Structure formats: structure tokens, C-alpha cells
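The values are calculated or read from the model by the stated rules, or taken from the named source; none is laboratory data. In this text the structure is predicted, and so the values were computed from the model without any measurement. FYI the Cβ positions are ideal-geometry reconstructions off the backbone, even for glycines, and counts take in every protein chain you see.
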Amino acid sequence: MEESVVTIKKFTKTYGDFVAVDDISFEVQNGEIFGLLGPNGAGKTTTLECLEGLRQPDSGEMQIKGVDPQREPRKLRDMIGVQLQTSGLPDNMTVEESLKIFSAYHGVPPRFELLSRMGLEEKRKTQYHQLSTGQQRRLSLALAVNHDPRVIILDEPTAGLDVSSRAELHSMMQELKSQGSTLILATHDMAEAEKLTDRVAIMLRGQIVATGSPRELTAKGSGMTKVSVSSENSILHDYENSFPAVTQKGINEEYSIYFSTDPGPTVSAILEHLATHNDNLIDLRVERPSLEERFLEITSNGGTA
């Protein structure tokens, strides 16, 4: 039986008349990367801030390894590592100074080897404001994991990063998971969530509207698979009749595009048609629905999964 490391039950948070989070419940299992997904303003950050003990819930229960964030903040601080959307580090603080200060706060020695792993060894004496955005994010992650927490909370960790920096941070997250850490990742980047997470909860207007693994969620959608075909003579461009299980079709440059509810018969019929008409296949791509497409489907239906 899997162990629940994080438990949230019937959690609600309001700001005046505005309901930021409305009676949500979910659990995070030990050793998984759990995605909290949704557009800006969905309630992701509010949920994490209450889980981190930075805000007080209006109602409901929250626990991390049996610790209540509001009632036992001293126990909580050494159990979790947090990478916020924006850092509160002073502009003139150096990389080395920040690591020493965070280490002293948690009562542990600074792990300077983290700077090498994060590609920051040559920046030890560099002030925070002189770091690039990617370097600042990598430093934030180093500070979050320096005390070896078992639960790591990441709020939009790769927002605004270039491709190389994003890839580096993704690799670090997967390495932390392999070492036994549990990660909670809040993001509105569906491709990132689909690549990294074991399970996700999709939030919309303060409520959770869908939960499950990325594959489970995409399987519950309309089920259409995209089949793209390019051939030497492009005879499919002029083919008026449809193939089995195809619900939509179109043309994108040299590709004929089909959306199929059952790609097996669709692909077989397409290949047979090409062979019958002596047209040579150049490229065939079969793509299952993405998490982003499923997310758009859910949100366009007002949250109906």
C-alpha cells in the first residue's frame, strides 16, 4: 500500500468575498512527482502557500508527514524544501552567502557540492542580481534541497527559462525523485507536467476538476488520435472518402491529417490505399492526445471531466 506523504482534506481559502480555493481534497504519495495544474488564478499558489505554512486556511485539514503546517511550523521547516515563484534574496547577497544563511537557518552544514551540480561553482562570489534568470532558479533549487528535505514544493520553477535551463531543472527534479524525494510541482505548462509527473490534479476556479496520471486523463477525453501522413505523390490530398474511425481530416502542407477514434484500422486502411495507388509512404506519425489538449477540453467544458 502506498504511503500518503501529503494529505489535504476539504481545504478552503477566501480573500474577502473571493473564494480562491473551494473545498478541495487530494493526497500525494511517497516518492512521486505530483503536478498541481491550472491557469493563472486557479488557486495553485494559494494552496501551496497554506501547505507551506505561509497562509492560514479558512477551513479544512492539511498535513505533511503527519505535521500540521499551521500548528507545528518548526517541525515543518526542516521537512520541506520550497522553491517559490519569486525569490526574496537581497540583490547584493552572493551565491555562497545565501547557501550559508539557509544552512544556518536549518542547522545543517552548507552542501557546497550542490553549487557544482547546479552549474554555479564559478558564481560563488557573484551577487544575486548579477545572475541570469536560469541561474537564479538553479540557486533557489539548491537552497530548497540543501537540508535534504523529503518533500520539495516547486511553484512554476521553469517559468521564463530558456530551453537549456529548463532541461537542466527537469533533470534535477528527476534525480531528486530517484533519491527518494517527493515533489509537488505547480505549473500551467502542460508539456512539462506530462513529461515529469506521475499524477496530477487539474484546478479551475479554485476547484479540482480532474485527477489521475497524465495517461489516465488523456484516455478519458474524446479519445481522438492524430494520424499524419506524407507520401511521394500526395494522393491522400485528393481522396474524398474517409477512412475507418476517422472523425475529422485536413491538410497541413505535405501532410494529410486524420483524427481517429481507433488508429489501428485507420492506419491499415491508409497504407492499403497508398499501396493500391502505387504511392510511396514518406512519413507516418501517430500521436495520442496530449495532456494540453485534454486540459483545453476540460476547461472549455467548464471543468467537466
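Any residue that is within 17 Å of Pro289 (Cα to Cα), in contact (Cβ under 8 Å) with a residue 24 or more places away in the chain, surrounded by fewer than 16 Cβ atoms within 10 Å (Cβ to Cβ) and under 11 Å from the mean Cα position of the chain (by Cα) - is there at least one of those in region 171-191? Checked against the condition, which is being within 17 Å of Pro289 (Cα to Cα), in contact (Cβ under 8 Å) with a residue 24 or more places away in the chain, surrounded by fewer than 16 Cβ atoms within 10 Å (Cβ to Cβ) and under 11 Å from the mean Cα position of the chain (by Cα), region 171-191 yields at least one hit.
Would you mind stating whether Ala104 is of a type in the set (A, V, I, L, M) and buried (at least 19 other Cβ atoms within 10 Å of the Cβ)?
Details: of a type in the set (A, V, I, L, M): yes; buried (at least 19 other Cβ atoms within 10 Å of the Cβ): no.
No: the conditions fail for Ala104.
Residues in region 226-263 that are crowded, with 19+ Cβ neighbours inside 10 Å and assigned to a strand (DSSP E or B): Val227, Val229, Ser231, Val246, Tyr255, Ser256, Tyr258, Phe259, Ser260.
May I ask you to say which residue of Lys13, Lys75 is surrounded by fewer than 18 Cβ atoms within 10 Å (Cβ to Cβ) and farther than 20 Å from Leu196 by Cα?
Values: Lys13 fails: surrounded by fewer than 18 Cβ atoms within 10 Å (Cβ to Cβ).
Just one listed residue meets the conditions, Lys75.
Checking every residue in region 285-302 against the condition of being part of a helix (DSSP H, G or I), among the polar types (S, T, N, Q) and farther than 28 Å from Gln174 by Cα gives at least one match. Tallying residues that are out of contact with any Leu (no Cβ under 9 Å at 6 or more places or on another chain) and either surrounded by 13 or more Cβ atoms within 10 Å (Cβ to Cβ) or not assigned by TED's automatic domain parsing to the domain that holds Val145 (or both) within region 117-129 yields 3. Every listed requirement among (1) outside the structural domain of Asn40 (by TED's automatic domain parsing); (2) within 24 Å of Thr46 (Cα to Cα); (3) among the β-branched types (Val, Ile, Thr) is met by Val145 save one, (1).
For region 261-298: of the residues being among the small types (Gly, Ala, Ser) and over 15 Å from Lys220 (Cα atoms), which is farthest from the chain's Cα centre (by Cα)? This residue is Ala275.
Inside region 70-110, can you point out the residues that are in a loop (DSSP other than H, G, I, E, B), within 27 Å of the chain's Cα centre (by Cα) and either farther than 23 Å from Met173 by Cβ or at pLDDT 95 or above (or both)?
Start the filter on region 70-110 by keeping residues that are in a loop (DSSP other than H, G, I, E, B), which leaves 70-72, 84-93, 107-110.
Then keep just the ones that are within 27 Å of the chain's Cα centre (by Cα); that gives 70, 84-89.
Answer for region 70-110, where residues must be in a loop (DSSP other than H, G, I, E, B), within 27 Å of the chain's Cα centre (by Cα) and either farther than 23 Å from Met173 by Cβ or at pLDDT 95 or above (or both): just Gln70.
Of all residues in region 24-64, those satisfying the criterion of being surrounded by fewer than 19 Cβ atoms within 10 Å (Cβ to Cβ), touching a residue at least 40 places away in the same chain (Cβ under 8 Å) and more than 22 Å from the chain's Cα centre (by Cα) are Arg55, Asp58, Ser59, Gly60, Glu61.
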